[in-house]
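What follows is one structure encoded as structure tokens, with my remarks underneath.
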Amino acid sequence: MIADVRKLPTAFGRLWTAQTVSSLGDGVTHAALPLLALTLTRNPMALAVVTAAGTLPWLLFGILGGALVDRWDRRRTMWVADATRAAVLAIPVAAAALDVLSIPLLAAIAFLLGLGGLFFDTAGTAYLPDLLGRDPALLERANSRLRSAQTAMSGFAGPPAGSALLALGRAVPLLTDAVSFALSALLVRSLPAAPPPTGGIRESLLRQARAGASYVFRDRLLLGLALRPAVGNIAFLAVETVLALFAQDRLGIDTFGYGLLLTAEATGGLLGAGIASSLGRRLGTGTALTCTAAVEGLAILGLAAAPNPWVAGLALSFCGAGMGATMVLGPSLRQAIVPAHLMGRVASTSRMLAMCAAPFGAFLGGWLATTYDVRTPLYAAAGLLLTMTAVTATMAGNRRVEAALRHAASADGPSHPESELPEPLQS
């Protein structure tokens, strides 16, 4: 692993602050939205609709969104997306104040927030290597800090705050998230501009999108990195869809306790993100990713069998640790080995695979809970995650990772005509 020899630039601090503020608002909404839905219905399938709606933009626009990001100014894309999400949240705030909230409205808002997230996340993933000069060590450090902040705010501080704010009024958590998006937009707007897009802009959007998707599917390592979160999202959304119901009905947890349960997961995520770089250095990135897959599966199995809230919280903390480390190691590796002009499309293709799997996981969780009982989705999720351990071991092993990093380091540079895309590593 390359040693850390350079400091992160000052501009990264503003990017980190923007994400920290926005993630706090996301954490508030993450806890408040399912609780809001529970005030309207206790039908697991209706809850699944709200959960799945936020992931549908990736299914419908994922690859095209990445192609657009590779054409657009990435910094501008980020701040416009956040400003738009702040405006969108004014709708449910008004509906809550007028007492006209409904499941269809919550699903529509989740969809629009997901669409904004598609453009913000894709542009942010593509912008970071530009900001850091594609340095693998700096990327790993930066992603660790970003992931730690996201986990701490969206999981550790946000959920209890969301539960508490909900007690003050149904509009309060959503208004808090809107303010966080607005502040994030202002901070992102102050960042340095990214280099202009190079090559292929006159080509059709569909052709550019296909080129990015093809680059992922032709590279066994990139495909493995993409399949890992795809299978994981089926499992995690199956759990998330019924978690509030599971917590209330099987563990006897009240509204505030549910926020604390999510905080336990976030605490583990914070630890996992913090030790990810060390884990990668000691075990190798490939082996580390295999170990985190196993930890996640065993943790969800423990959650399903938990006899009380304390065991459930411990299981979720281990699951969060595995997820936190994975979300640092996987994206950092991808950002280090993918050519700059393809980064938006590769990132969006990988994320699309993950997010397209999520609605299936949400509806699977709702169906299993309705057909059997509320624990069944958790056992099914554990089986999927443990199966993913074997896939990770074969497609993203240490030898393949090291070969990909050498291949990227020996490449001529990021500027390639779209008609002459660089060959991905096939080994």
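The values are calculated or read from the model by the stated rules, or taken from the named source; none is laboratory data. For clarity, every value in this text was computed on a predicted model and none was experimentally measured. Because the Cβ atoms are built from the backbone with ideal geometry, glycine has one as well, and the counts that use them run over all protein chains shown. The accessibility values were calculated without ligands, DNA or RNA, using every heavy atom of the protein model including side chains. Shrake-Rupley method; radii C 1.70, N 1.55, O 1.52, S 1.80 Å.
Pick out, from Ala294, Leu205, Ala11, the residue whose Cα sits farthest towards the positive end of the charge dipole of the chain, with +1 on the Cβ of Lys and Arg and -1 on the Cβ of Asp and Glu.
Final value for the positive-end residue is Ala11.
May I ask for the longest run of the chain untouched by trypsin sites (Lys or Arg not before Pro) that are loop-located per DSSP and have at most 16 neighbouring C-beta atoms (other than their own) within 10 Å?
203-427
Just by accessible area at a 1.4 angstrom probe, what is the order of Trp16, Trp310 from largest to smallest?
Greatest to least solvent exposure: Trp310, Trp16.
Helix-only mean residue ellipticity at 222 nm, the chain, DSSP H runs n ≥ 4 weighted -39,500 (n - 2.57), per residue, nearest 500. What is it?
Theoretical 222 nm ellipticity from helices: -27000 deg cm²/dmol.
Placing +1 at every Lys and Arg Cβ and -1 at every Asp and Glu Cβ, with all other atoms neutral, what dipole size does the chain have around its Cα centre, in debye to the nearest 20?
Result for the chain is approximately 680 debye, rounded to the nearest 20.
Between [x] 33, 25, 20; [y] 30, 25, 23; [z] 48, 29, 21, which matches semi-axes √(5λ) of the Cα gyration tensor in Å calculated for the structure shown?
So the structure-derived entry is [x].
I'd like to check one number: the per residue accessible area of the chain, probe 1.4 Å, reported in Å² as a whole number.
40
For segment 227-234, take each phi angle, set θ = phi - 60°, evaluate the Karplus expression 6.51 cos²θ - 1.76 cosθ + 1.60, and give the result in whole Hz per residue in order, putting x for glycine and proline.
Per-residue couplings from phi come out as 5, 4, x, 5, 5, x, 5, 4 Hz.
State, as an integer percentage, the relative contact order of the chain based on alpha-carbon contacts under 8 Å between residues 6 or more apart.
Once divided by the residue count of the chain, the mean separation gives 28 percent.
Net charge near Ala83, counting Lys/Arg +1 and Asp/Glu -1 over other residues with Cβ under 15 Å of its Cβ?
Overall, the nearby charge balance is +1.
What is the Å³ per residue value for the convex hull set by the Cα atoms of segment 285-395?
Convex hull of Cα atoms, per residue: 98 Å³.
Ordering Thr371, Thr392 by accessible area with a probe of 1.4 Å, largest first, what comes out?
Descending order: Thr371, Thr392.
With a 1.4 Å probe and every protein chain kept in, tell me what percent of the accessible surface of the chain is carbon plus sulfur.
66
Which whole-Hz ³J(HN,Hα) couplings does segment 269-275 yield from phi under the Karplus relation 6.51 cos²θ - 1.76 cosθ + 1.60, θ = phi - 60°, glycine and proline marked x?
3J(HN,Hα) across segment 269-275, in whole Hz: x, 5, 5, x, 5, x, 9.
Please work out how much accessible surface Leu271 shows to a 1.4 Å probe, ignoring ligands, DNA and RNA, in Å² rounded to 10.
Spelled out: Leu271, probe radius 1.4 Å, area about 110 Å².
Taking all protein chains together and a probe of 1.4 Å, list Tyr215, Tyr379 from the most accessible to the least accessible.
The most accessible residue leads, giving Tyr379, Tyr215.
Output ³J(HN,Hα) for segment 318-334: one whole-Hz value per residue in order, computed from phi by the Karplus curve 6.51 cos²θ - 1.76 cosθ + 1.60 with θ = phi - 60°, and x for Gly and Pro.
Coupling constants for segment 318-334: 5, 4, x, 5, x, 5, x, 5, 4, 6, 9, 5, x, x, 4, 5, 4 Hz.
Helix 74-88 versus the longest principal axis of the chain: what angle, 0 to 90°, nearest 10, using Cα atoms?
That helix lies at roughly 10 degrees to the long axis.
Net charge near Thr122: determine it from the other residues with C-beta under 14 Å of the C-beta of Thr122, scoring Lys and Arg +1 and Asp and Glu -1.
Neighbour charge sum, excluding Thr122 itself: +2.
I'd like the accessible area for Asp373: 1.4 Å probe, protein heavy atoms, all chains in place, Å² to the nearest 10.
60
How much accessible surface does Val80 have with a 1.4 Å probe, in Å² rounded to 10?
Ignoring ligands and nucleic acids, Val80 comes out at about 60 Å².
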